[in-house]
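To start, the structure under review is shown below, and the notes come after it.
What follows is calculated from the coordinates using simple rules that are stated; it is not laboratory data. Source: prediction; values computed, not measured. All Cβ positions, glycine included, derive from the backbone under ideal geometry; neighbour counts span all protein chains shown.
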Amino acid sequence: MRLGFPRPSLSTFAPILSHANPGQPTTCSSKYLTPPKPQTPLFLRPPTHSVTLSDLRKWKNWAKILTSSVGSNFIDADNGPDTTLLHRELNWLIEDALENPKPLLTQLGNDCDDEGTVVNLRAELGGLYELWKQRIEERRPFQYVVGCEHWRDLVLSVEEGILIPRPETELIVDLVADLVKGDNGELREGLWADLGTGSGALGIGIGRVLGTCGRVIGTDLSPDAVAVAAYNVQRYNLRDKIEIKLGSWFEPLKDVKGQLVGLVSNPPYTEQPYKWTTS
């Protein structure tokens, strides 16, 4: 599994796991907009761009030199990724960009006489130059570069404005799985809520461990997050089990008041304290 990068240690919000009735919805309101269309992750784009294998090898050699130039700068600055991880990410980028990566990865590492060999890419070669410059020179998170994150056994779409699912968030799904495993049916077949769903990771993970009648509602204040979460739900054919709603915290849950059997949330880190209010 591709691991996310270290995140700040300051966490005002702790993950929430509850199977009690959440009570009254908040009085906050939000404007319900038509969600924007999410970006397609690199590995799902059509391989419509052709390039010679030798030109792709030149790009890879350039990218390796640029990566090695980082040295310990990122680590010294803020404990960022070292060159070993960056080189690994470079290989992941190549895998996502190539139509048939397995037979070509070995050839890319060899200096063969293959100038005439043409390969298909999911992005223009110039685009790959730009993407890797963003990763190294602008320190754009790798998951945003390729448009996805590997989380549990899922590959979830992510983009700027949507937080990258953290590996430790998987523990919440494990806790829910343990709860429903020993349940007589209420938790396994009931209605759960995921507040601040983001990419939909928690909602999708929980939806897959519930019974045939179990359902999840994910809420988020961000239209971009709602669009991305709905996209991820659709990719895993879970639209009959998981619903994504736009709104702040409990607000979109007014119509299911008193029906929830479980509630989860792993909100973003924030430097400012937040006061939960219900009325």
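Output the pairs from K60/K245; K64/K241; K133/K241; K102/K245; K37/K133 with a Cα-Cα distance over 32 Å in this structure; if there are none, say none. List each step's numbers first, then the result.
Values: K60/K245 42 Å; K64/K241 44 Å; K133/K241 40 Å; K102/K245 39 Å; K37/K133 26 Å.
Too far apart for the 32 Å limit: K60/K245; K64/K241; K133/K241; K102/K245.
Rounded to the nearest 20 Debye, what is the dipole magnitude of the range 42-146 about its Cα centre when Lys and Arg each give +1 and Asp and Glu each give -1 at the C-beta? Spell out each step's value before the answer.
Working: 12 positive and 16 negative charges, 36 e Å.
Its charge dipole is roughly 180 debye.
Only counting other Cβ atoms within 10 Å, I'd like K257, K241 sorted with the fewest neighbours first.
Working: K257 13, K241 20.
Listed from fewest to most nearby Cβ atoms, that is K257, K241.
Which value results when the Cα radius of gyration for the range 42-146 is divided by 2.2 N^0.38 Å?
Numbers: Rg = 13.9 Å, N = 105, 2.2 N^0.38 = 12.9 Å.
Taking N as the residue count of the range 42-146, the ratio is 1.07.
What translational diffusion coefficient, in µm²/s and rounded to a whole number, does the Stokes-Einstein relation yield for the range 128-210 at 10 °C and a viscosity of 1.306 mPa s, taking the hydrodynamic radius as the Kirkwood radius over Cα pairs? Could you put the intermediate results ahead of the total?
Details: Rh = 14.4 Å.
The estimated diffusion coefficient comes to 110 µm²/s.
Mind sorting D178, D183 by how few other Cβ atoms lie within 10 Å of their own Cβ, fewest first?
Numbers: D178 11, D183 15.
The order, fewest Cβ neighbours first, is D178, D183.
Between V256 and W62, what length comes free when the chain is fully extended (0.36 nm per residue of separation minus the Cα-Cα distance, one decimal in nm)? Please list the in-between numbers first.
On the way: separation 194, 0.36 × 194 = 69.84 nm, distance 5.52 nm.
Contour length minus the Cα-Cα distance gives 64.3 nm.
K254: which aspartates and glutamates have alpha carbons under 19 Å from its alpha carbon, excluding same-chain residues fewer than 8 sequence positions away?
D194, D220, E243
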